[in-house]
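The values are calculated or read from the model by the stated rules, or taken from the named source; none is laboratory data. These numbers come from a predicted model, not from an experiment. Glycine also receives a Cβ, built like all others from the backbone with ideal geometry; neighbour counts cover every protein chain displayed.
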Amino acid sequence: MIMPKKILQKIFGLSSILCPIPFTVRRGQLIIPSVLVVPSLLLFVYLIFETAKLSREKIRHQFAIDSAAFIQMGDYTNLFNRTAYVNGTFPYRVFKEVYECPPNVYVPRTDDSGEVCPYDMLYKAGNFPKYSGDVSGEPPVALDSEGKWDIKFAAARSGMNQNPPVVPDTLTLVTEQQGIKLYIFWDPVIGIYKFYAQFYTLLGSIEKSQITVFERLTENFNFFRKSYYLNTGECRNNPGGCAEEGVAGFKANAIRSGNNFHMHYINKIRFWAKVPQSGIPPYYLGKTNPPIDIKLFQLASVDKASLIAAGRGYEVYQGWDVQSNYFNIDFNKLVPCSNMSRPCVHAMVASQCPAMVDGTGDNNCVWPNPTPKYSTRLYP
C-alpha cells in the first residue's frame, strides 16, 4: 500500500515545492561527494606509504650506524683492558706466585733481626707493581668486586705511579742496602735477573702485539665500514671506502703508538749481592759494574686527553641519500645536516671505566690503578 503524498510531506516537513517527486526515486546523490573524497583518500594513502618508506630507510641507516660505531669502539675497549692487565695484574700475580713465601724461602738479615721474603725484597726495590691490599704469605687478592685496582710500584720508584710515568733509565734489581743487610748471594740474584728479563720481555712482546693489531684494525676502520655496508647495502662497488663521513669521528681520535700511546722501557739493570770468597769474611759485596745493558719493557700508558675523549664519546655522523617519492619532494636539500649537504644519522659511542662518572673524570684505568673494566657504551 502506497502512502499518500500529503502524509509523506507532513512526516518529513517537506513542501510540495521542495519535493515535487516521490523521495523513493532519489538516486546518484553520492556521486559529487565521491568525486571529492576518493582522490583525497588516495592521496592520503600515498602520503602514508611515502612516509613509512622514508621512516623505514631512516631507521635502517640509524641501526646501521649504531651497530658500526659500537663494533668499532670495541677495539678501543679491548686495547685499554688488555693494557691494564699487562701493566698491573700480570706482573702482580706472576711475581706473587714465583717469589712469595711460602713456597719460596726467606732471606735472613745479617743483624739476626729476622728474615725477608724475596717477593717483598724485590717489590721494595721497585721492580714490579702489586696491589696495595696484598696480604703477605697469602694467595693474590681477588679484585673482581673492586671498582679501582690500586696496583702500584713501591716508594723506590714512586715516579712510575703517574700518567705519564717517570721511568728511570736504570733499574735497580737489588739495592745496595739490601745487598749489605741481607744474606742475598750472587748466583740466586743472577737467577732472579734472568727470570725478570724473560718475563718483562714477554710482557713487552704481548703489548707490542696488542697495539700492532689495534692499529691494523683501525688503520682503515674496516669493522665500521663493513658493518655499515652489511646493514644498509650501501657502497656495493666499494665496501672498503664505505661510510667515510662516519669514519671521520674515529679518525679524529685515533690511538697510535708514539703519538698518544706509549710503551715505556728501561735501558740498564744493576744489582748488588754477596759474592762468596775464601778467607774471612767468607764473602764480599759485589755489584754489576757497569750495569747490564738491556732495553726492557716496563709498562704502557695512554695520554690523558685521549682517555677523556674516549670516555666522553666520539661523535659519529653519517649522511644518506633519500630516495625519490611520489610528491617529488627533495628531502636531500630540504633537511640536510649542518655539516653536510644531505640528511644524516648520528651516534655517540664511548669506552668508559669506573674512573669515568656521569661524563666526568679522567677515564684512566690503564695506568696508574690499572683496572680492566672498560666497557663500550652507545648513547642515543
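Could you list all residues from segment 112-153 that are touching a Pro at 6+ places or on another chain (Cβ under 9 Å), aliphatic (A, V, I, L, M) and within 20 Å of Ile266 (Cβ to Cβ)? Within segment 112-153, Ile151 is the sole residue that qualifies. Pairs are defined by a Cβ separation below 6 Å, a sequence spacing of at least 6 or placement on different chains, a first member in segment 127-152 that is at positive phi and at pLDDT below 95, and a second member that is of a type in the set (Ser, Thr, Tyr) and surrounded by fewer than 19 Cβ atoms within 10 Å (Cβ to Cβ); no pair meets this definition. Among the residues of segment 99-133, those identified as crowded, with 19+ Cβ neighbours inside 10 Å and in a loop (DSSP other than H, G, I, E, B) are Glu100, Ala125, Gly126, Asn127, Phe128, Pro129.
Quick grid of which residues meet (1) over 20 Å from Pro118 (Cβ atoms); (2) loosely packed, with under 14 Cβ neighbours inside 10 Å; (3) free of Cβ contacts under 8 Å to residues at least 60 places away in the same chain:
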| position | (1), (2), (3) |
| --- | --- |
| Ile184 | no, no, no |
| Leu203 | no, no, no |
| Asn231 | yes, no, no |
| Cys235 | yes, no, yes |
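Listed conditions (1) β-branched (Val, Ile, Thr); (2) in a helix (DSSP H, G or I); (3) within 30 Å of Val105 (Cα to Cα) are all met by Thr172, apart from (2). Please determine whether any residue of segment 63-86 is within 24 Å of Ala142 (Cα to Cα), modelled with pLDDT of 60 or more and in a loop (DSSP other than H, G, I, E, B). The answer is no, given that none of the residues of segment 63-86 is within 24 Å of Ala142 (Cα to Cα), modelled with pLDDT of 60 or more and in a loop (DSSP other than H, G, I, E, B). For Asn369, the conditions (1) at positive phi; (2) assigned to a strand (DSSP E or B) are fulfilled apart from (2).
Taken as a whole, the condition of being over 19 Å from Thr77 (Cα atoms), out of contact with any Phe, Trp or Tyr (no Cβ under 8 Å at 6 or more places or on another chain), surrounded by 18 or more Cβ atoms within 10 Å (Cβ to Cβ) and in contact (Cβ under 8 Å) with a residue 24 or more places away in the chain applies to Arg157. With respect to the conditions (1) more than 30 Å from Leu217 (Cβ to Cβ); (2) within 34 Å of the chain's Cα centre (by Cα); (3) at pLDDT below 95, Asn267 falls short on a single one, namely (3).
Can you work out which of the residues in segment 289-320 that are in a strand (DSSP E or B) and among the β-branched types (Val, Ile, Thr) is farthest from Phe221 (Cα to Cα)? Only one residue tops the list, namely Ile292. Mind checking whether some residue in segment 163-177 is farther than 28 Å from Asn81 by Cβ, surrounded by fewer than 15 Cβ atoms within 10 Å (Cβ to Cβ) and free of Cβ contacts under 8 Å to residues at least 24 places away in the same chain? Yes; the residues of segment 163-177 include at least one that is farther than 28 Å from Asn81 by Cβ, surrounded by fewer than 15 Cβ atoms within 10 Å (Cβ to Cβ) and free of Cβ contacts under 8 Å to residues at least 24 places away in the same chain. Checking each residue in segment 134-166 for being within 16 Å of Phe95 (Cβ to Cβ) and either among the hydroxyl-bearing types (Ser, Thr, Tyr) or part of a strand (DSSP E or B) (or both) picks out Ser136, Ile151, Lys152. Would you be able to say whether some residue in segment 321-330 is surrounded by 15 or more Cβ atoms within 10 Å (Cβ to Cβ), among the aliphatic types (A, V, I, L, M) and modelled with pLDDT of 95 or more? No, segment 321-330 has no match at all.
Taken over segment 59-83, the criterion of being closer than 21 Å to Leu202 by Cβ and in contact with a Lys or Arg (Cβ under 8 Å, 6 or more places away or on another chain) is satisfied by Asn81 alone. Are there any pairs with C-beta distances below 9 angstrom linking a residue in segment 267-287 that is under 14 Å from Leu182 (Cα atoms) to a residue that is modelled with pLDDT of 95 or more and basic (Lys, Arg), with the two at least 6 apart or on different chains, and if so which? Qualifying pairs under 9 Å: Phe271/Lys287; Trp272/Lys287; Ala273/Lys287; Tyr283/Lys274; Tyr284/Lys274; Leu285/Lys274; Gly286/Lys274.
Put simply, of Asn260, Asn222 the only residue that is among the polar types (S, T, N, Q) and either crowded, with 18+ Cβ neighbours inside 10 Å or at pLDDT 95 or above (or both) is Asn260. What residue, among those in segment 227-270 that are assigned to a helix (DSSP H, G or I) and among the charged types (D, E, K, R), is farthest from Gln198 (Cα to Cα)? Of everything passing the filter in segment 227-270, Glu245 is farthest from Gln198 (Cα to Cα).
Taken as a whole, the structure places Phe214 among residues that are under 30 Å from Gly319 (Cβ atoms), crowded, with 18+ Cβ neighbours inside 10 Å and under 31 Å from the mean Cα position of the chain (by Cα).
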